[in-house]
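For reference, the structure discussed in these notes is given below.
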Amino acid sequence: LKALRWHGRKDLRLEDVDRPQPGEGEVLVAVTCCGICGSDLHEYAEGPIFIPVDSPPGTGRMAPVTLGHEFVGRIAELGPGAPVCAIGERVIVDACLRCGECWYCSGGEPMLCEKLGFLGMMQDGAFAQYVLAPAALVHPVPDSVTDEEAALVEPLSVGLRGVRRSGLKAGDTAVVVGAGPIGLGVVAMARRAGAGAVFVVERAEARRQKALEMGATEAFDPDWGDAAEQVRAATPGGRGADVAFECVGHSDPLNVAIQSSRPGGTVAVLGVFGAPATVDFNQVMAVQRTLVGSLGYVEDYPRVLRLLASGQLDVGPLITARIHLEDAVTSGFDELLRNQGQHVKILVAP
Ligand SMILES: [Zn+2]
Ligand SMILES: [Zn+2]
């Protein structure tokens, strides 16, 4: 069986691996398709970031590891004590692996699990024909949701969690800095949550266009001038947005997010930072802005599935290419590094 394994920075290899055997409480999923995530790309271009190379995390696994966590597939095999699924059932898997036992897990905050791991980083993922997953993290996919929509539930859930963490309320004005897969998911979810207007700051024209298709009110290019000023000028009274979302992971967009939010507003940080950011914290302290971090999802999966099943979410604009596992490096990872602004989500079929 083929699997795309991360050995090191710029070193992804399509290798032959044995068909995995599901252990206690696990299921084996035959992968239908799997999206390339920004975090996969970070690991390829700049990693290791989350992939353990020195000491094993809770999962006990280290590189080399098969990447891929945004997938849909069918249950192929059940391990002992995994009765919740049926063979052949179409499923997606919550990729945030948690222990279920630590202080945070028992307190209802599993995203803070002391042993938090990530499928496709700390355990073999789904750029492969088969992937093992804990049965407890499996979600059946309703018939009205297509495979491609289902493969997008993971990044959309990141967006939904960010919107929920931000406390955005109906009628609020929002700004989303960065219109990659996560930023575009935030745009869609902020709209569904009742945002009165959603402004976007994004350099790539194709992505600004996608943002408008996903429901953005107006999209600004930071090269047109001071981006925060453009956003503030578009908000009521020129005060700035009630809620800002940083979806890039660099100093500049973070500062744009802070400065385009209104005094007393909230800035939600969803970007993954490759290096520490420089921020003038007087911009937070003096006008009492609130900074919140947001990672992953938990109860967000079923919500996104319900939105998709009810037809309230058109995610078609998010898929920009469909490729085969054999071509994943050249037409997937390298293509994203060359032409990131042209793409949102590339789906890989094994
Ligand atoms: Zn992802
Ligand atoms: Zn835990």
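The values are calculated or read from the model by the stated rules, or taken from the named source; none is laboratory data. None of the values given here were measured: they were computed from a predicted structure. Please note: Cβ atoms are built from the backbone with ideal geometry, for glycine as well, and neighbour counts cover all protein chains shown. Areas reflect the complete protein model, heavy atoms only, side chains present, ligands, DNA and RNA absent. Shrake-Rupley method; radii C 1.70, N 1.55, O 1.52, S 1.80 Å.
Just for segment 59-72: of the residues that are surrounded by 17 or more Cβ atoms within 10 Å (Cβ to Cβ) and among the small types (Gly, Ala, Ser), which one is nearest to TYR301 (Cα to Cα)?
Among residues in segment 59-72 that are surrounded by 17 or more Cβ atoms within 10 Å (Cβ to Cβ) and among the small types (Gly, Ala, Ser), the one nearest to TYR301 (Cα to Cα) is GLY68.
Quick one: which of GLY264, GLY274 is of a type in the set (Gly, Ala, Ser) and within 22 Å of the chain's Cα centre (by Cα)?
After applying the criteria, what remains is GLY274.
Give just the number: which of (1) over 21 Å from LEU295 (Cα atoms); (2) at pLDDT 95 or above; (3) surrounded by fewer than 22 Cβ atoms within 10 Å (Cβ to Cβ) does ILE75 not satisfy?
(3)
Across segment 18-59, what is the number of residues that are touching a strand residue (DSSP E or B) at 6+ places or on another chain (Cβ under 9 Å), part of a loop (DSSP other than H, G, I, E, B) and not polar (S, T, N, Q)?
Going through segment 18-59 one residue at a time, the tally reaches 15.
Inspect all residues belonging to segment 156-174 and state whether any of them is within 19 Å of GLN209 (Cα to Cα) and more than 16 Å from ligand 1 (Cβ to nearest atom).
Scanning segment 156-174, I find at least one residue that is within 19 Å of GLN209 (Cα to Cα) and more than 16 Å from ligand 1 (Cβ to nearest atom), so the answer is yes.
Pick out the one residue from GLU15, GLU24 that is open to solvent by 10 Å² or more (accessible area, probe 1.4 Å) and farther than 24 Å from HIS324 by Cβ.
Values: GLU15 fails: farther than 24 Å from HIS324 by Cβ.
Residue meeting the stated conditions: GLU24.
When you go through (1) part of a strand (DSSP E or B); (2) within 16 Å of ligand 1 (Cβ to nearest atom); (3) in contact with a Pro (Cβ under 7 Å, 6 or more places away or on another chain) one by one for VAL91, which number turns out not to apply?
(2)
Which of the residues spanning segment 94-104 are open to solvent by 20 Å² or more (accessible area, probe 1.4 Å) and either out of contact with any Gly (no Cβ under 9 Å at 6 or more places or on another chain) or within 16 Å of ligand 1 (Cβ to nearest atom) (or both)?
Just the residues of segment 94-104 that are open to solvent by 20 Å² or more (accessible area, probe 1.4 Å), to begin with: 98-101, 103-104.
Answer for segment 94-104, where residues must be open to solvent by 20 Å² or more (accessible area, probe 1.4 Å) and either out of contact with any Gly (no Cβ under 9 Å at 6 or more places or on another chain) or within 16 Å of ligand 1 (Cβ to nearest atom) (or both): GLY100, GLU101, TRP103, TYR104.
Every residue in segment 87-112 that is free of Cβ contacts under 8 Å to residues at least 24 places away in the same chain and within 10 Å of ligand 2 (Cβ to nearest atom), please.
ARG98, GLU101, CYS102, TRP103, TYR104, CYS105, SER106, GLY107, GLU109, LEU112
Where in segment 162-274 are there strands (runs of 3 or more DSSP E), lying fully within it, with 1 or more residues that are open to solvent by 20 Å² or more (accessible area, probe 1.4 Å)?
Counting at least 1 such residues, we get 218-220, 241-246, 261-269.
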